[in-house]
Structure formats: structure tokens, C-alpha cells
Amino acid sequence: MKRLFLATAAVLIASGAFAAGGDLSRAIGKALFERAWVPAPSSTLANDGLGPLFNARACSACHVGLDRSPSAKDEKGEFTHQGMVLKLSDAQGAGDPVYGLQLQTSAAPGFVPEGRLVASLAQDLNAGPLAPSTRSGIRSAPALRGLGRLTEVPDEAILAKADPDDKDGDGISGRVNWITDKNGEKRLGRFGLKASGANLIEQSEVAFSLDLGMSSKLLTAREGDCLTDICRNAPHGGTVDDPEIRHDLVAMIADYLSAVPPPAPVSTDPKGARLFASTGCASCHTPSLPVMNGTIAPHTDLLLHDLGAELDGGATEPGVAATEWRTAPLWGLSRALSAKAGLLHDGRAASVADAVALHGGEGAQARSRFGELPPEDQAALLRYVEGL
Ligand code: HEC
Ligand code: HEC
């Protein structure tokens, strides 16, 4: 049924019957988000070209129900959920010379995966060890709700919170991750855990490349994130000019994601909200940001902060320290907790209190203020965050 719908949609799109935007485009975007892609050479549909190396066949395999991925491991130390991936890079954010930016743990028939992920480490690597300069670290697939509203926050509102040199001397120096595009234009990054994605189309193209091994308008390597000759010379879908996933289709996925509303809080605790501000949590987890018709409550400033050595993520991205992270949005935290997702970039914190205890660097002051609160105030603050 889904296949038929997509095939019909593909004809409509090819005929120019409509462009991105509107209900039908979002419905197609949703179907594409949930679609299990297949390796080239393709069967009936255009735009097949999974792999040859990949982590999952569908966006929705990692972003199940658009919620955060659970971080549980089985008795062998392997994650039970596909949404936990191993990032690879040197200290400057350049990928491993053989394995690239991410360990791909699946492969098309006839190819071998790069390796397995056991106890959060790369194991059984098929092309020798990682380069000595390569560092690695787990990232957990975040929830994808309310992202469209985050695109609406004006750059100026985000910039107004930035204080890269800590001129106000409060120990907190959030900074924007400026990204320079192919035309040399500087743009404000707001998506991804390192705030390296300027918009949802580009963030989705990164996912097609790293997670599914598919080329797009922006990321043209048809082999995706692999550097060996075997992988490069594999059969690929599309052509150099006609990528494995067409740009208008990526735009529809972005359209679909944009329309997903932010998660609503399940409870409020006015005392907890006041303490959240007075303890300094709100200095980074900004409770309110302006959008087109009012405000939203994502509880993030969308800026990068250095949280210290405890939260060194191993691998990183160009221009961002391994200890720097975009302030995690706290909306939807109740959903993450009830899904037993595990908090922080790698899911290592089992509770809000655990997560706070790991805030060092720019977060150290808020952590100690939290520690000095009387137990009933700590409980109220935690209740507030857990209800978001
Ligand atoms: C193998 C698992 C996996 C697959 C498959 C996957 N993702 Fe993700 N996704 C992740 C992880 C992990 C992150 C966090 C990456 C980071 O920034 O470090 C992420 C982040 C994102 C973000 C950024 C969210 C934010 O809060 O800024 C978007 C948007 C996204 N993915 C969309 C997609 C789309 C669209 C697809 C399909 C084309 C997809 N993902 C496929 C694991 C996956
Ligand atoms: C200096 C900025 C800053 C301050 C102050 C701060 N945080 Fe954070 N917080 C962050 C960043 C950045 C992350 C993401 C870290 C990571 O993923 O490893 C984060 C992550 C979290 C998470 C995990 C969210 C998730 O979805 O995984 C929770 C919960 C949290 N903070 C609560 C708090 C509370 C409560 C306070 C006050 C006691 C606080 N934070 C103060 C920057 C800050």
C-alpha cells in the first residue's frame, strides 16, 4: 500500500503537479521518512541507493515514533536500539581515513559492515584498526518534535544570548556554531547535537549520507560515508547529477518534520520553575524563545556550551570542541524518561539528577547551586524538569 502510494506520488512529483509545501507533500515526506530503502540496482522506484554501508534502512528505524532512542544494552553489551551510533573523528573533527565519520554496522548483500558496536566501542573492524588520531564516541538519536518551531527562532534572538568571551563574567559563554556554506556564506547552525545543521533539509541530507549511505544534492558521494575502493566501486543508484535521493523529496521530509508540533509538558510546578531560573539552569536552557506568532518553550538557547571533561564526546565536528554541546532542549523530557531513553548525548544519565551531576565546565556553577538547595527545593526543580 505504502509502495503504491509512493509510486503514485513519484509520478505526480515528476509531472510537476505540485511542489514542496502543503498536506500532500507532508504525507509523502512522512512515507519517505518511514520507507525502508533498498540497495542499488533498484527495483521499480527511482531514488534507491541504500549503502553499500549503512546503519539503518529507514529514518524511522532510529527515530522510532519520533522519540528519543532507548539506550539499553543486551547481555553482550550491544545496544538493543539502532538509534545509538558511534561517531569517529580526530580532535579537529576530520573523519577516520578508512572508516569516515561514523561506524556503519550494516552492509548491502555482498559487502561486509565496517564493524560491530560492543560495549560502546568499535569491534571486529574489517579494514584494520582505527587511525591512532581517531577518537570515538556514542551519540543517541534525539527526539524529532517541534523542530519546525526551532527554525522559526530569529537569528538575532539566538545571538542576543551568546556571550562567547563571557563579558558579563557569569561563567557561561554560549556561542553560535557559524557554518560556512559552499558559497562562502555564514549561517547560524541550530540542528544536531553540535548545532552544525542550519536547516532541516541539510540535516536530513547528512542523515542520508551517514546513516543510509545515500547521496543528495549537498552530499554527492554516492558511497556515503566510506572510503575504501571496494565501497566506492560498488553499484550505486542515481548519477553524479541526479543523486540517490532527489532534492524535492528531501524537502518533503523536512516539510513533514517541520509540521510535527513540540511536545506539550505533562505537568507544571511553579516553584520548580522559579528554582530552575534562580539556580541558573535557565541561563542555558532558555525557557522561552520568540517565534513567528508568539513564543515557544524549548528550554534551550541553541548555543554551544563547554560542559567540561566528563562530557567529552570523543569524536567531534569541525570548529567544535569535543566537550562542547548545543544546550539540549528539555521539552519532551517526560517522554524521554518514560521511554527509558537515557539522557545526555550518549544516553549515559538515567535521571535528571544524574544529568545535572555530569554538568561541568560552564555548567559547574549551576550544578553546585543545585547541590546546595534544600532537599525539598531540589525535588521541586526535578519535578519541573521531569514534567516538561
Ligand atoms: C542510524 C540511526 C539514524 C538514522 C537511520 C537516522 N538518524 Fe537522524 N539522528 C541520529 C542521531 C544519532 C542524531 C544525532 C546526531 C548528532 O548531531 O550527533 C540524529 C539527528 C537528527 C536530526 C537533528 C535533530 C535535532 O534535534 O537537531 C534530524 C533532523 C534527523 N536526525 C533526521 C533524520 C532523517 C530525516 C533521517 C532519514 C533520512 C534520519 N535522521 C536517519 C540517528 C539516526
Ligand atoms: C552552561 C549551560 C548549561 C547550564 C547552566 C545547565 N545546562 Fe543542562 N545541558 C546543557 C548542555 C550543553 C546539555 C547537553 C549535554 C550533553 O548532551 O552531553 C545539557 C543537558 C541537560 C540534560 C539532559 C537532557 C537530555 O535530553 O538528554 C538535563 C536533564 C539538563 N541539562 C538539566 C539541567 C538542569 C536541571 C540545570 C540546572 C541545575 C542545567 N541543566 C544547567 C547546558 C547547560
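The values are calculated or read from the model by the stated rules, or taken from the named source; none is laboratory data. If you're wondering where the values come from, they're calculated on a predicted model, not measured in any experiment. Every residue, glycine as well, gets a Cβ built from its backbone with ideal geometry; the counts of neighbours run over all protein chains shown. Keep in mind that these areas ignore ligands, DNA and RNA; they rest on the heavy atoms of the full protein, side chains included. Shrake-Rupley method; radii C 1.70, N 1.55, O 1.52, S 1.80 Å.
Just to be sure I understand the curve: with the Debye formula and one point per C-alpha of segment 322-388, what is log10 I(q)/I(0) at q = 0.16, 0.19, 0.23 Å⁻¹?
Taking Cα atoms of segment 322-388 as identical point scatterers yields -0.55, -0.78, -1.12.
Hand me the trypsin sites (Lys or Arg not before Pro) from segment 144-210 located in a DSSP loop with no more than 15 other Cβ atoms within 10 Å, in residue order please.
Lys167, Lys182
Accessible area per residue of segment 144-197 at 1.4 Å probe, in Å²?
50
Apply the Kirkwood formula to segment 151-305: the hydrodynamic radius equals the inverse of the mean of 1/r over all pairs of different alpha-carbon atoms; give it in Å with one decimal.
Answer for segment 151-305: a Kirkwood hydrodynamic radius of 18.2 Å.
What's the magnitude of the charge dipole for the chain around its Cα centre, counting Lys and Arg as +1 and Asp and Glu as -1 at the beta-carbon? Answer in Debye, nearest 20.
Dipole about the Cα centre, nearest 20: 880 debye.
Kindly report the accessible area of segment 332-384 per residue (heavy atoms of protein chains, probe 1.4 Å, no ligands, DNA or RNA), in Å².
46
Given charges of +1 on the Cβ of Lys and Arg and -1 on the Cβ of Asp and Glu, with all other atoms neutral, how large is the dipole of segment 133-185 about its Cα centre, in debye to the nearest 20?
Its charge dipole is roughly 480 debye.
Based on DSSP H runs of at least 4 residues, each adding -39500 (n - 2.57), what is the mean residue ellipticity at 222 nm of the chain after dividing by all its residues, to the nearest 500 deg cm²/dmol?
-8000 deg cm²/dmol
Rounded to whole Å and sorted largest first, list the principal axis extents of the Cα atoms in segment 164-236.
Sorted from largest, the Cα extents of segment 164-236 read 56, 23, 19 Å.
Over segment 102-154, with every protein chain in place, what whole percent of the accessible area is carbon and sulfur at 1.4 Å, could you tell me?
Of the solvent-accessible surface of segment 102-154, carbon and sulfur hold 57 percent.
For the chain, give the share of DSSP beta bridges that are antiparallel, in percent and rounded to the nearest 5; count only bridges with both residues there.
Here the share of antiparallel DSSP bridges comes out near 95 percent.
Considering only DSSP states other than H, G, I, E and B, which GluC sites (Glu not before Pro) in segment 176-237 qualify as loop sites with at most 14 other Cβ atoms within 10 Å?
Loop-located and lightly packed - Glu185.
With θ taken as phi - 60° and the coefficients 6.51, -1.76 and 1.60, list the Karplus ³J(HN,Hα) couplings across segment 311-321 in order, rounded to whole Hz; mark glycine and proline as x.
Using θ = phi - 60°, the values come out as 9, 5, x, x, 5, 9, 10, x, x, 10, 5 Hz.
Treating only the Cβ of Lys, Arg, Asp and Glu as charged (+1, +1, -1, -1), what charge dipole size does segment 51-153 show about its Cα centre? Round to the nearest 20 debye.
With Lys and Arg at +1 and Asp and Glu at -1, about 260 debye.
Please give the net charge around Pro164, taking every other residue with its beta carbon less than 12 angstrom from that of Pro164, where Lys and Arg add +1 and Asp and Glu add -1.
-4
Toward the positive end of the charge dipole of the chain, about the Cα centre and with charges on Cβ (Lys, Arg +1; Asp, Glu -1), which of Val266, Thr105, Asn177 goes farthest?
In the chain, that residue is Val266.
Picking from Pro113, Pro70, Pro375, which is most flexible by a Gaussian network model of the chain using Cα springs under 10 Å?
Highest fluctuation among the options: Pro375.
Excluding ligands and nucleic acids, what accessible area in Å² is computed for Met84 using a 1.4 Å probe, to the nearest 10?
Roll a 1.4 Å probe over it and Met84 shows about 10 Å².
Considering only lysines 8 or more places apart in sequence, or on different chains, count the pairs in the chain whose C-alpha atoms sit under 24 Å apart.
For the chain, the number of qualifying lysine pairs is 20.
Ratio of alpha-carbon Rg to the 2.2 N^0.38 Å globular estimate for the chain, to two decimals, please.
Normalised by 2.2 N^0.38 Å, the Cα Rg of the chain equals 0.99.
Can you tell which of Ala127, Ala143, Ala234 shows the greatest fluctuation in a Gaussian network model of the chain with Cα springs below 10 Å?
Ala127
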